[in-house]
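A short write-up of the structure that comes next.
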Amino acid sequence: MADRYAVVTGAGTGIGRAAAQALLADGWSVAVLGRRLAPLEETIAGHAKAFAISTDVGVREQVEAAFAQVKDRFGRLDVLFNNAGRGAPAVDFDELSHEDWTGVVAANLNGSFYCAQAAYRIMKNQSPKGGRIINNGSISAHAPRPGAAAYTATKHAITGLTKQINLDGRKHDITCGQIDVGNAATPMTERMAKGVPQPDGSMMVEPRMDVQHVGRAVAHMASLPLDANIPFMTIMATKMPFIGRG
């Protein structure tokens, strides 16, 4: 199809902004979702084929209203990039507050489920049917950082969600993949330039990479025909401490 339609969540900054702008550069029409409208509008400035919707993905009613707007505006949906999420302060396991636990679960896991389900319904019932959901899993879907129980648990859960959507979606030509990002240079990772705790108790400055590489990777996953899929892609700063010991 000449016209392609996408939704990117958490598109006001960082990875979401890079992905939305990469899709726009490739000619997609893009709806950008996030809690704050002003950064979303900055992301899509100058693009007539894009629009922004202020949405807290952790609130099901707001998600359903946002995707109803997408359906009304675009008429169909070809790709969802499920990117919105948050972290919590790094604390020992027994010190993680109930509020931080539930807040991270609401944004990272519940939000990804609500958005994927809303997108799935559109994709299942449109003509021609089908579409692609891309979940942001993170390196934390494979290995935890110290003091990050909520973030790690939700990102491991995203892997199960990705596999389930991929399986259930087969009969509807809906496919699902996951991109696991390590140390993209965004506001969320600025602390790594100053040093972050390591499993051995030391502090280490960790290398980062240009977030535009992640945006291009998402756009590549989105560009594939529905008879091809990248179930899992890892893109990371080459020298970050993930591969190997320490």
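The rows are residues; the columns are (1) in contact with a Leu (Cβ under 7 Å, 6 or more places away or on another chain); (2) of a type outside the set (Val, Ile, Thr); (3) over 24 Å from Leu161 (Cβ atoms); (4) modelled with pLDDT of 95 or more.
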| residue | (1), (2), (3), (4) |
| --- | --- |
| Ala25 | no, yes, yes, yes |
| Thr43 | no, no, yes, yes |
| Ala48 | no, yes, yes, no |
| Ala66 | yes, yes, no, yes |
| Leu77 | no, yes, no, yes |
| Asn83 | no, yes, no, yes |
| Glu95 | no, yes, yes, yes |
Hey, could you check region 173-197 for residues that are more than 17 Å from the chain's Cα centre (by Cα) and surrounded by fewer than 16 Cβ atoms within 10 Å (Cβ to Cβ) and say which is farthest from Ile158 (Cα to Cα)?
Lys194
Residue ID - modelled with the lowest pLDDT, chosen from residues in region 1-23 that are buried (at least 23 other Cβ atoms within 10 Å of the Cβ) and among the β-branched types (Val, Ile, Thr):
Ile15
Just a yes or no: is a residue in region 102-112 part of a loop (DSSP other than H, G, I, E, B) and either surrounded by fewer than 15 Cβ atoms within 10 Å (Cβ to Cβ) or small (Gly, Ala, Ser) (or both)?
no
Condition set free of Cβ contacts under 8 Å to residues at least 40 places away in the same chain and out of contact with any strand residue (DSSP E or B) (no Cβ under 9 Å at 6 or more places or on another chain), scope region 60-85, selection surrounded by the most Cβ atoms within 10 Å (Cβ to Cβ): answer is Ala68
What tally of residues in region 44-86 results from selecting those that are over 22 Å from His220 (Cα atoms), in a strand (DSSP E or B), among the aliphatic types (A, V, I, L, M) and touching a Gly at 6+ places or on another chain (Cβ under 8 Å)?
1
If you take the residues of region 198-213 that are surrounded by 14 or more Cβ atoms within 10 Å (Cβ to Cβ) and either of a type in the set (Val, Ile, Thr) or modelled with pLDDT of 95 or more (or both), which of them is farthest from Gly244 (Cα to Cα)?
Gln212
Residue ID - modelled with the lowest pLDDT, chosen from residues in region 180-197 that are assigned to a loop (DSSP other than H, G, I, E, B) and more than 23 Å from Leu23 (Cβ to Cβ):
Lys194
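The values are calculated or read from the model by the stated rules, or taken from the named source; none is laboratory data. Everything quoted here is computed from the prediction, not taken from an experiment. Here Cβ is always computed from backbone atoms with ideal geometry, including for glycine, and neighbour counts include all displayed protein chains.
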